Amino acid sequence: MSKRLKYRAFTLLAAGAVLGASSLTLGATDAAAADYTFKKSSVSDNGSFTITAYNNGTNAGVMEWHADPSGSVPGDAFRVTDRLADGWGLEATMIVPVTGRVATTRGHASPYTSPWNTGDLAEGADVYIQLCAVRGDYKFCSLGYGGHA
């Protein structure tokens, strides 16, 4: 093989390696491509509120906190609804006054609404819930938003 041909082959291989590495790097940013934002509704007189999740400006779902029972809706309860088939789930976690209460859509195809997560709380107790968009080990989370029981 001539010297010139070896140089061209080396250049071609080097260019291919750079292109291949950049493709792997670009593919690794899929999770970071989501741009989740959150908006809390105003708190009703009884302490109920919602947190809406948006992915790149599109309504992805909602967390509902209900302080008091109403018809078939239990009191001191929250759930999440995933409305957007974007590969992300929604997960709400109570931060105050009880930790460890979670409502999630993980593992379910969208659209999906989780069961109500219930538990009796003292009337008027402060309640803070955080909503996260979840996918594997990635999380985009809201602040802990509050209402009351």
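Computed quantities for the displayed model
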{"item": "Calculated P(r) of region 90-149 - Cα pairs past 19 Å, %", "result": "32 percent"}
{"item": "Residue-normalised accessible area of region 74-149, given per residue in Å² at a 1.4 Å probe", "result": "49 Å²"}
{"item": "Whole-Hz couplings from phi, Karplus 6.51/-1.76/1.60, listed for region 67-83; x for Gly and Pro", "result": "6, 10, x, 8, x, 8, 8, x, x, 6, 9, 9, 8, 10, 10, 9, 9"}
{"item": "In sequence order, calculated HN-Hα J values of region 46-52 (Karplus, 6.51, -1.76, 1.60; Hz; x Gly/Pro)", "result": "8, x, 6, 7, 10, 10, 9"}
{"item": "³J(HN,Hα), Karplus 6.51/-1.76/1.60, whole Hz, each residue of region 121-136, x for Gly, Pro", "result": "10, 4, 4, x, 4, 5, 10, 10, 10, 10, 10, 10, 8, 10, 7, x"}
{"item": "Computed lengthening from Ala109 to Ser44, 0.36 nm per intervening residue step minus Cα-Cα distance", "result": "20.3 nm"}
{"item": "Euclidean distance of C-alpha centroids, region 46-104 and region 121-145, integer Å", "result": "8 Å"}
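The values are calculated or read from the model by the stated rules, or taken from the named source; none is laboratory data. All figures in this text were calculated on a predicted structure; none of them were measured in a lab. Quick note on the areas: whole protein, heavy atoms, side chains included, nothing else; ligands and nucleic acids left out. Shrake-Rupley method; radii C 1.70, N 1.55, O 1.52, S 1.80 Å.
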